[in-house]
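*Asks:* Let me begin by handing over the structure; questions about it come next.
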Amino acid sequence: MGAETPVDDARPCILLLDGDVLSRHALAEYLRGCGYRVVEVTTSEELFAVLDHGTPMIDTILFDLDAPGSVNGFALRAMVRDAYPGIDLIAAGSTEKAAKEAANLCEEGPELTRPYDPQLVIARIRRMQARRDDEDG
Amino acid sequence: MDNVAMLDAHGPEARPVLVVEDDPLLRFMLCDLLRAEGLVVVEAANAEEALGVIAAGLDVEVVFTDVQMPGPFDGLELSRRLQASHPDIAVIVTSGHLDGSLVAVGIPFLPKPYVPTKAVGLILSVLERRRAHGG
């Protein structure tokens, strides 16, 4: 990769692990809309690559317990707690739970101006997934 | 703006840029810079994810793709499939293992390793050319 490091940014940073590109994109945009900086990763390996790099500094990890990778969600939680005790960890076992946790983060977020309805995020994810599955099928 | 509009962000005229890159830090840096330019960006970690994004109906304007990535097919195959199925989508290819011969067949190419700001400049120039030609 290039020699540059991520640009400086004062926004709180969330590391989002989700193996489904559509869920991940929708949740990440939702969180960005609340003022967070979001790093998207698809596997446990990618998650640890970002953490081990050290920048950007991660404040919170929102992760799918069933995300792909060689480390399962429960082991991942233990490993992160051990190696990075200053990072908040939020586990989600479903899209619904992830959206609700994202909504909770938004309520604490730097730019909340109105309440967000996680059900709308879930509905959008479901619609996109259905279209994708129709094309694949 | 409701939640769904927020997810579509930046208004109906803003078509996303799809970045396909398996290095999470490089992907983040590039996408972060593109967002700082006001662009809507979708991130995919491999070619299969990228096709899933297109299949889901996201109206992507430009795909910036690496070539060698994990998965059943690579970035070159992705660009071939997109040219066949979505000729309106501009594709830019980056790789550390190809030369610029893609340029001869009309595909913009950026050799790796690259400085992310250079990739941003190339993506913006492709977008500007398309918009100047009403694309």
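Bear in mind these aren't lab numbers, they're just calculated from the coordinates by the rules spelled out. All values derive from a computational prediction rather than experimental measurement. FYI the Cβ positions are ideal-geometry reconstructions off the backbone, even for glycines, and counts take in every protein chain you see.
*Asks:* Considering only A:A83, A:A91, A:A26, give the residue with the highest GNM mean-square fluctuation for chain A, with springs between Cα atoms whenever their separation is below 10 Å.
*Replies:* In this elastic network of chain A, the residue with the biggest mean-square fluctuation among A:A83, A:A91, A:A26 is A:A83.
*Asks:* Using only atoms on other chains, find how many Cβ atoms lie within 10 Å of each Cβ of peptide A:120-126 and report the average.
*Replies:* For peptide A:120-126, the averaged partner shielding equals 3.
*Asks:* Still on this structure, I have one more. At 7 Å along the Cα-to-beta-carbon direction for both B:L124 and A:N72, put a label point, then send me their distance in nm to one decimal.
*Replies:* In this crude label model, B:L124 to A:N72 measures out at 4.8 nm.
*Asks:* Once the convex hull of the alpha carbons of the protein assembly as shown is built, what does its volume come to per residue, in cubic angstrom?
*Replies:* 126 Å³
*Asks:* Springs between alpha-carbon pairs under 10 angstrom, Gaussian network model over chain B: which of B:P24, B:P113, B:P16 fluctuates most?
*Replies:* B:P113
*Asks:* When only DSSP loop residues count, what GluC sites (Glu not before Pro) in the stretch B:34-72 have their Cβ near at most 16 other Cβ atoms within 10 Å?
*Replies:* B:E37
*Asks:* Treat each spin label as a single point 7 Å out from the Cα along the C-beta direction, and report the A:E96 to B:Q68 distance in nm.
*Replies:* Distance between the two pseudo-spin positions: 4.5 nm.
*Asks:* Distance between Cα centroids, the stretch B:33-66 to the stretch A:70-87: provide it in whole Å.
*Replies:* Answer, in whole Å: 29.
*Asks:* Quick one: net charge of B:D22's neighbours, Cβ under 9 Å, K/R +1, D/E -1?
*Replies:* For residues surrounding B:D22, the net value is -3.
*Asks:* Ratio of the stretch A:13-136's C-alpha Rg to 2.2 N^0.38 Å, to two decimals?
*Replies:* Against the empirical 2.2 N^0.38 Å value, I get 1.03 for the stretch A:13-136.
*Asks:* Considering chain A as a Gaussian network with a 10 Å cut-off on Cα pairs, which listed residue, A:D66, A:D20, A:D52, attains the greatest mean-square fluctuation?
*Replies:* Sorting by GNM fluctuation, first place goes to A:D52.
*Asks:* Which of A:A10, A:S94, B:T117 sits closest to the plus end of the dipole of the protein assembly as shown, meaning its Cα is farthest towards the positive end, when Lys and Arg get +1 and Asp and Glu get -1 on the C-beta?
*Replies:* The Cα lying farthest towards the positive end belongs to B:T117.
*Asks:* Work out the mean other chain Cβ neighbour count within 10 Å for the residues of A:44-53 and drop it here as an integer.
*Replies:* 2
*Asks:* Taking amide H positions as placed in the peptide plane 1.01 Å from N, state which residues far from B:V63 in sequence (5 or more) or on other chains have amide H under 5 Å from it.
*Replies:* Answer set, sorted by chain and number: B:L18, B:A90, B:V91, B:I92.
*Asks:* Here's another thing I want to ask about it. Using 0.36 nm times the number of residues separating B:S85 and B:V115, minus their current alpha carbon distance, what extension gain do you get?
*Replies:* The B:S85-B:V115 span can extend by a further 7.7 nm.
*Asks:* Given labels modelled 7 Å from the Cα in the Cβ direction, how far is it in nm from A:R126 to A:D52?
*Replies:* Once both label points are built, they end up 4.0 nm from each other.
*Asks:* Calculate how large, on average over all directions, the projected area of the Cα convex hull of chain B is; give the answer in nm² to one decimal.
*Replies:* So the Cα hull casts an average projection of 8.2 nm².
*Asks:* Under the definition of partner shielding as Cβ atoms of other protein chains within 10 Å of a residue Cβ, what is the mean value for peptide B:50-63?
*Replies:* For this peptide, the per-residue mean of nearby foreign Cβ atoms is 4.
*Asks:* Which of the listed residues, A:T55, A:H25, A:Q119, is farthest toward the dipole's positive end in the stretch A:13-136, when Lys, Arg count +1 and Asp, Glu count -1 at the beta-carbon?
*Replies:* Toward the positive end, the furthest listed residue is A:Q119.
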